[in-house]
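Written below as structure tokens is the structure these notes are about.
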Amino acid sequence: MRKKYLLCLVSTLLLLSSFVSAQSLDGDWSVDYVTSDSPDSLNSVGYNVISVASLGDENSFVALANRGSANSFYLVAYRNAGKNSGRLGTYPYSETDLKTKWINLFDQEFLYDANDLAAKGNLIYVPNNDSVSNSILVFEVKDDSIYSHPQRYKVNSYIWAIDVDANGRVYVTKTGDTTKAGSVLILESPDVTPKWASNGNSGKILQEIVLPDKGSLRGVTVNSDGTVLYVSNWDQNKVYCYVGDPVSGYSLYDGFNFAVDSEFAATDGPLQVGPFGIQLMNTKNLLFVTHDADFKGGAGSGYSYGRIYVANPNTGELLDTVDAAAWNLKIEGQYDNHNSENNASGYTSTFAVDFDDNFNL
């Protein structure tokens, strides 16, 4: 099983110059806490966490559980989280057919095959792939739980990654695969006329960027005003940088080159790895790239790799590595175990990353 733990990591960031320059990193990353996960825990998620979105405040976030073999896809919110506290609401542990339902009057849709989420304030945007349509669903985190927000946009194509800029514009990937190129769809803010409605049939597409290569697009992130955009392609082991703006369009920036090995020498043979979720830390001008195998577990393969790269967003140059697998091995002596002290994750699968206003990762 590969699942279920959320790690909070901390480090020290040292400012070098202005926004256009990337920061340096001073000090080592370390685990501040890991959310407890067991049937009797008040903090457990219960199934695999594939993505997480910070609500801004320290240790407040939403986790997206995704366990296809159990047909379970649901959201879990935390406020002021710690090792054993902070979860909002009550959830059964490892429940089959557990799905968060988005509902507004007679409109409803269940989460299914959702892989990512993004937050703007207390609103949560989820690219959903149910059996009827492929919609971006909007939820709201309140004091006690997560509730439906009466906005939805039907994309009608398989969607994976999502981000929202400071103006509320929504960026979502139509993923692509080994036979076709994916694209990034840019939508006007749900609150700008024509506003998103619960039927999913209103809203405005500003741009669609078709990627130059075939492959599965599993991460997208933008700067505050949407003038710089990054998208990850797992199959090609690439992160692309686009510059422009959501209204007049974008061009591919060839001065950006994120280059890391695409093959890992696992104990049971070569293992293909690539970028999943990506996130731009606007204030510090750092790009975080989660990098992992394609849902492969086991101490000899996927779990021995999981890591997050920190890159210069202007050039793609690697600045640092958050090596979750090495941390687990150091603490546990193995890659896929979890101790009672809540300072090592259960499984080193790094599929998503986000940070709070204090730059905790």
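Just the number, please: carbon plus sulfur as a percent of the accessible area of segment 228-361, 1.4 Å probe, no ligands or DNA/RNA counted.
It is 44 percent, rounded to a whole number.
Using a 10 angstrom cutoff on alpha carbons, build the Gaussian network for the chain and name the most mobile of 72, 251, 216.
Looking only at 72, 251, 216, the largest GNM fluctuation is found for 251.
Taking the Cβ-Cβ separation of residue 181 and residue 85 as r and a Förster radius of 35 Å, what is the calculated FRET efficiency to the nearest 0.05? Please list the in-between numbers first.
Working: r = 45 Å, r/R0 = 1.28.
In this case the efficiency is close to 0.20.
Alpha carbon centre of segment 59-111 versus segment 180-243: separation in Å?
So the two Cα centres are separated by 25 Å.
Pick from 290, 96, 173: which is most flexible by mean-square fluctuation in a GNM of the chain where alpha carbon atoms under 10 Å apart are linked?
96
Please list, in order along segment 84-97, the HN-Hα scalar couplings obtained from phi with the Karplus expression 6.51 cos²θ - 1.76 cosθ + 1.60 (θ = phi - 60°), rounded to whole Hz, x for Gly and Pro.
Ordered by residue, 3J(HN,Hα) equals 10, 8, x, 5, 9, x, 10, 10, x, 8, 6, 8, 6, 6 Hz.
Under the 0.36 nm per residue contour assumption, what length would be gained going from the current alpha-carbon distance of residue 268 and residue 147 to full extension? Mind showing how you got there, number by number?
Values: separation 121, 0.36 × 121 = 43.56 nm, distance 4.46 nm.
Extra length from residue 268 to residue 147 when fully extended: 39.1 nm.
Amide H neighbours of residue 216 under 5 Å, counting only residues 5+ apart in sequence or on other chains, H built in-plane at 1.01 Å?
Sorted by chain and number, the residues that satisfy this are 234, 235, 236.
Please arrange 307, 152 by accessible surface area, largest first, computed with a 1.4 Å probe and ligands excluded.
Values: 307 40, 152 15 Å².
Heavy-atom accessible area, descending, gives 307, 152.
What number, rounded to the nearest 500 deg cm²/dmol, is the helix-based mean residue ellipticity at 222 nm of the chain, given -39500 (n - 2.57) per DSSP H run of at least four residues and division by all its residues? Walk me through the intermediate numbers first.
On the way: 1 runs with 9 residues, N = 361.
Only helices count here, giving -500 deg cm²/dmol.
Looking at 81, 92, 111, which one has the Cα that reaches farthest to the positive end of the dipole of segment 43-127 (charges on Cβ: Lys, Arg +1; Asp, Glu -1)?
So the residue furthest toward the plus end is 81.
Using the Karplus equation 6.51 cos²θ - 1.76 cosθ + 1.60 (θ = phi - 60°), what ³J(HN,Hα) coupling, rounded to whole Hz, does each residue of segment 202-207 give in order, writing x for Gly and Pro?
3J(HN,Hα) across segment 202-207, in whole Hz: 10, x, 10, 7, 8, 8.
Over the chain, what is the relative contact order in percent, taking alpha-carbon pairs closer than 8 angstrom and at least six residues apart?
Values: 1029 pairs, mean separation 50.7, N = 361.
After rounding, I find 14 percent.
Where the only charges are on Cβ atoms (+1 Lys, Arg; -1 Asp, Glu), what is the dipole of segment 52-138 about its Cα centre, to the nearest 20 debye?
Details: 7 positive and 9 negative charges, 59 e Å.
Once rounded to the nearest 20, the dipole reads 280 debye.
Relative contact order for segment 30-94: what percent, with Cα pairs under 8 Å and sequence separation of 6 or more? Could you put the intermediate results ahead of the total?
Numbers: 123 pairs, mean separation 21.2, N = 65.
Once divided by the residue count of segment 30-94, the mean separation gives 33 percent.
Ignoring ligands, DNA and RNA, what accessible area per residue does segment 244-290 give at 1.4 Å, in Å²? Before the final figure, lay out the partial values.
On the way: 2150 Å² over 47 residues.
The answer is 46 Å² per residue.
Hey, rough spin-label estimate for residue 283 and residue 332, points 7 angstrom out along Cα→Cβ, what's it come to in nanometres?
About 3.1 nm, to one decimal.
Leaving out ligands and nucleic acids, and using a 1.4 Å probe, what accessible area per residue does segment 88-230 come to in Å²? Mind dumping the intermediate values first?
On the way: 5880 Å² over 143 residues.
Per-residue accessible area for segment 88-230 comes out at 41 Å².
Let me check the size of segment 17-97 from its C-alpha atoms; what are the radius of gyration and Dmax in Å?
Cα-based Rg and Dmax for segment 17-97 come out at 15.8, 51 Å.
Roughly speaking, to the nearest percent, how much of segment 79-135's 1.4 Å accessible area is carbon and sulfur? If you can, show how the numbers build up before the last one.
Values: 1350 of 2800 Å².
Carbon and sulfur together cover 48 percent of it.
With a Förster radius of 30 Å, plug the Cβ-Cβ distance of residue 252 and residue 294 into 1/(1 + (r/R0)^6) and report the FRET value to the nearest 0.05.
Values: r = 25 Å, r/R0 = 0.84.
So, using R0 = 30 Å, E works out to roughly 0.75.
Taking the Cα centre of segment 188-297 as origin and charging only Cβ (+1 Lys, Arg; -1 Asp, Glu), how large is the dipole, in debye to the nearest 20? Let's see the in-between values first.
On the way: 7 positive and 13 negative charges, 50 e Å.
Computed about the Cα centre, the dipole is about 240 debye.
If a/c stays under 1.5 just call it rounded; otherwise compare a/b with b/c (prolate if a/b is bigger, oblate if not). Do that for segment 92-162, with a ≥ b ≥ c from the square roots of the Cα gyration tensor eigenvalues. Each step should come with its number before you reach the end.
Values: a/c = 1.34, a/b = 1.12, b/c = 1.20.
Cα axes put segment 92-162 in the rounded bin.
Given all pairs of different Cα atoms, what value in angstroms does the Kirkwood hydrodynamic radius of segment 255-350 take?
Working: mean 1/r = 0.0717 Å⁻¹.
About 13.9 Å, per the Kirkwood formula over Cα pairs.
In the Gaussian network model of the chain, springs joining C-alpha atoms below 10 Å, which of 243, 126, 184 carries the largest mean-square fluctuation?
Top of the fluctuation ranking is 243.
The values are calculated or read from the model by the stated rules, or taken from the named source; none is laboratory data. Small disclaimer: the values here were computed from a predicted structure and weren't measured. Ideal geometry is used to build each Cβ from the backbone, glycine not excepted, and the neighbour counts take in all protein chains shown. Accessible surface areas use protein heavy atoms only, side chains included; no ligands, DNA or RNA. Shrake-Rupley method; radii C 1.70, N 1.55, O 1.52, S 1.80 Å.
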